[in-house]
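Okay, so here's the structure we're looking at.
The values are calculated or read from the model by the stated rules, or taken from the named source; none is laboratory data. Since the model is a prediction, treat every value here as computed from it, not as a measurement. Here Cβ is always computed from backbone atoms with ideal geometry, including for glycine, and neighbour counts include all displayed protein chains.
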Protein chains: 2
Amino acid sequence: MDTKFRSSCPISSALDILGDKWTLLIIRDIMFGKKSTFKDFSSSGEKIASGILANRLAKLETLGILHKGKLPDNKKTVIYSLTQKGIELLPIIVDMILWSDNNLGDHVDEKMRELAKKIKLDKEAFINNYTVHLRSVMAW
Amino acid sequence: MDTKFRSSCPISSALDILGDKWTLLIIRDIMFGKKSTFKDFSSSGEKIASGILANRLAKLETLGILHKGKLPDNKKTVIYSLTQKGIELLPIIVDMILWSDNNLGDHVDEKMRELAKKIKLDKEAFINNYTVHLRSVMAW
DNA sequence: TAATTTTACTTCTAAAACAAAAGTAATAAT
DNA sequence: ATTATTACTTTTGTTTTAGAAGTAAAATTA
């Protein structure tokens, strides 16, 4: 189940990890949806199948993009959180938000278009500030 | 063969279009590899199968991300070029280069690490300048 | 404390997508 | 006129995905 790299191209290699319809949605849910458990991810609007979700979570943990942890008083619930490597995916996701806002605009959710508007005021500042926020929520 | 959107989330919608291992590699080849023909894309290092290539090119043209054209004196060769919508994918690709450089660094091609280094000096400037370059090569 | 529910998965099967190889039609070069 | 090239299409076998159902451990409820 490990990731194979097709070449030494950084774009190709990023796609070897991120290039599917679900991986970045899990990252999105943690980054912007305050989600952290298997159940949380399962209940997202796009209806990911549980088998695929389990597969992607395992991959992301193996790759060091997610950290798998527990809360001290609960032995059942598994908490997934972003590592630094995961937090650094923020710019990619932000650029996807902007690209969709510019190019698929009429079909995008209004709440998200507001966010896009805000990001456009100062993208670099948004990424810096939001990165600080994500680090403050990080497990370690 | 048309693209269906799973939700009105801009990230999900971007992934409905870009979320696979090949689509952005074609964009990369046009943006950074001076490639423009079916044969050019076929000969890339990652060895895309011809059926998948044909499928992706058709999709990207339907979506208005690529333009399908010909040269005046050649009836055989098909020239694919980026539209404005396609050029606007540059930030996403640049961020993938940077993420891979930072997080998969040791396995990334040295030439590309040089590019990453250059981009890091001033990302916004690089994107602006390179966008101008891409627009100058654009078909219309 | 016993029964029920919840959580985080795993398993199964059918459908869809993909990979590799081979084939084709039109055009271009020799 | 023959051969090669380009841009695909087709075919077949394999892998991945989607959807439904099942399971084990832990937590909650009666």
Check: When the stretch A:15-45 is examined, which residues are found to be more than 13 Å from the chain's Cα centre (by Cα) and touching a residue at least 24 places away in the same chain (Cβ under 8 Å)?
Finding: A:THR37, A:PHE38
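Only one of B:HIS133, B:HIS107 is surrounded by fewer than 17 Cβ atoms within 10 Å (Cβ to Cβ) and facing chain A (nearest Cβ under 8 Å); which? Step through it out loud before you land on a result.
Values: B:HIS133 fails: facing chain A (nearest Cβ under 8 Å).
Only one candidate passes the filter, namely B:HIS107.
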Margin query: Looking at the structure I just gave you, is B:THR83 of a type in the set (Ser, Thr, Tyr), under 27 Å from A:ILE48 (Cβ atoms) and touching a Leu at 6+ places or on another chain (Cβ under 8 Å)?
Written below: no
Next item on the list: Any chance you could count how many residues in the stretch B:1-41 are among the hydroxyl-bearing types (Ser, Thr, Tyr), assigned to a loop (DSSP other than H, G, I, E, B) and at the interface with chain A (Cβ under 8 Å from one of its Cβ atoms)?
Entry: 2
Next item on the list: Report yes if B:GLY69 is away from DNA strand C (no atom under 12 Å from the Cβ), closer than 22 Å to B:LEU90 by Cα and not in a strand (DSSP E or B), otherwise no.
Entry: no
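For residues in the stretch B:65-80 being in contact with a Leu (Cβ under 9 Å, 6 or more places away or on another chain) and within 9 Å of DNA strand D (Cβ to nearest atom), which is farthest from the other protein chains (Cβ to nearest Cβ)? Working first, answer last.
As a first pass, look at the stretch B:65-80 and keep what is in contact with a Leu (Cβ under 9 Å, 6 or more places away or on another chain): B:65-68, B:77-80.
Adding the requirement that they be within 9 Å of DNA strand D (Cβ to nearest atom) leaves B:68, B:77-80.
Values: B:LYS68: 18, B:THR77: 25, B:VAL78: 23, B:ILE79: 22, B:TYR80: 18 Å.
The residue in question is B:THR77.
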Check: When you go through (1) facing chain B (nearest Cβ under 10 Å); (2) within 16 Å of DNA strand D (Cβ to nearest atom); (3) among the aliphatic types (A, V, I, L, M) one by one for A:ILE97, which number turns out not to apply?
Finding: (2)
Item checked: Test set (1) within 13 Å of chain A (Cβ to nearest Cβ); (2) more than 12 Å from DNA strand C (Cβ to nearest atom) - B:THR62 fails condition number -> (1)
Checklist line | Residues of the stretch B:30-64 that turn out to be over 17 Å from B:HIS133 (Cα atoms), more than 9 Å from DNA strand D (Cβ to nearest atom) and surrounded by 15 or more Cβ atoms within 10 Å (Cβ to Cβ), as a count | finding: 7
Next item on the list: Identify all residues within the stretch B:95-140 that are modelled with pLDDT under 95 and among the aromatic types (Phe, Trp, Tyr); write none if there are none.
Entry: B:TRP140
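Would the stretch B:75-90 turn up any residue that is over 28 Å from A:ILE17 (Cβ atoms) and part of a helix (DSSP H, G or I)? Steps first, please.
Here is the first cut: in the stretch B:75-90, the ones over 28 Å from A:ILE17 (Cβ atoms) are B:75-79, B:81, B:84.
Still in the running and part of a helix (DSSP H, G or I): B:84.
Scanning the stretch B:75-90 turns up at least one residue that is over 28 Å from A:ILE17 (Cβ atoms) and part of a helix (DSSP H, G or I).
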